[in-house]
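Working notes for the structure below.
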Amino acid sequence: MNPYTKPVALIGSWARDLPGYVNEALNLCLRFDVIPVMVEQLGASDADAIAAVLSLVDDADLYIGIIGDSYGPTLAGRDKSIGELEYERAVERGIPRFVFRIEREQTSEDRLADFIDRIKEKQEVTPVKSISEFGILLTALLRSPNLINARGTRKGIRFGSRGRQKTALRVFVASPKDVQDERSRMPMVIETLN
């Protein structure tokens, strides 16, 4: 269980070859009071890496997968990548999962394509073409007070070991003009608050 009073988001390990997307996810999580964690921050050896990865997923309240062109690293004696192990544990736990596929011109590895197909059997994989598009979509998810769980029903999410109810996600879709209008109003709002 999450030992923190704030929600924890595990950012999937495929993201290591996508530093711009990782930075955007980290910044947005922090902006919305969500603690981001990543496997890369562990520094674990192969011997205890699997237990450490699964422990991180067990402590997470939501999972953010950012998939690029690589299937990801596998540990000695394992046929699944660290990213696939993370995702499978998130599915087992039933925590909200948001998976983004970075669209590139090159074709991906066969193992990666097969894994993406397996994910699509369980949930949507959102294609994104740029960091800014990813940021807009993730912001909408992190701002939402409700979300759709893996079974397709709307519900709130419990965060932390104390069982407090806290709403986590609300989807808001806006046109670029709406976003620009909102940004132009922000200085007026800040000035009013001062």
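The values are calculated or read from the model by the stated rules, or taken from the named source; none is laboratory data. Given the structure is predicted, the values throughout are model-derived calculations rather than measurements. Every residue, glycine as well, gets a Cβ built from its backbone with ideal geometry; the counts of neighbours run over all protein chains shown. Surface accessibility is based on the protein's heavy atoms, side chains included, excluding ligands, DNA and RNA. Shrake-Rupley method; radii C 1.70, N 1.55, O 1.52, S 1.80 Å.
Take the residues in segment 72-128 that are closer than 22 Å to D61 by Cβ and free of Cβ contacts under 8 Å to residues at least 12 places away in the same chain, then tell me which one is nearest to the chain's Cα centre (by Cα). Among those residues, the one meeting the criterion is E88. The number of residues in segment 65-102 that are assigned to a loop (DSSP other than H, G, I, E, B) and open to solvent by 30 Å² or more (accessible area, probe 1.4 Å) comes to 8. Restrict the check to segment 32-55 and report whether at least one residue is within 14 Å of I11 (Cα to Cα), modelled with pLDDT of 80 or more, open to solvent by 40 Å² or more (accessible area, probe 1.4 Å) and in contact with a Pro (Cβ under 8 Å, 6 or more places away or on another chain). Yes; the residues of segment 32-55 include at least one that is within 14 Å of I11 (Cα to Cα), modelled with pLDDT of 80 or more, open to solvent by 40 Å² or more (accessible area, probe 1.4 Å) and in contact with a Pro (Cβ under 8 Å, 6 or more places away or on another chain).
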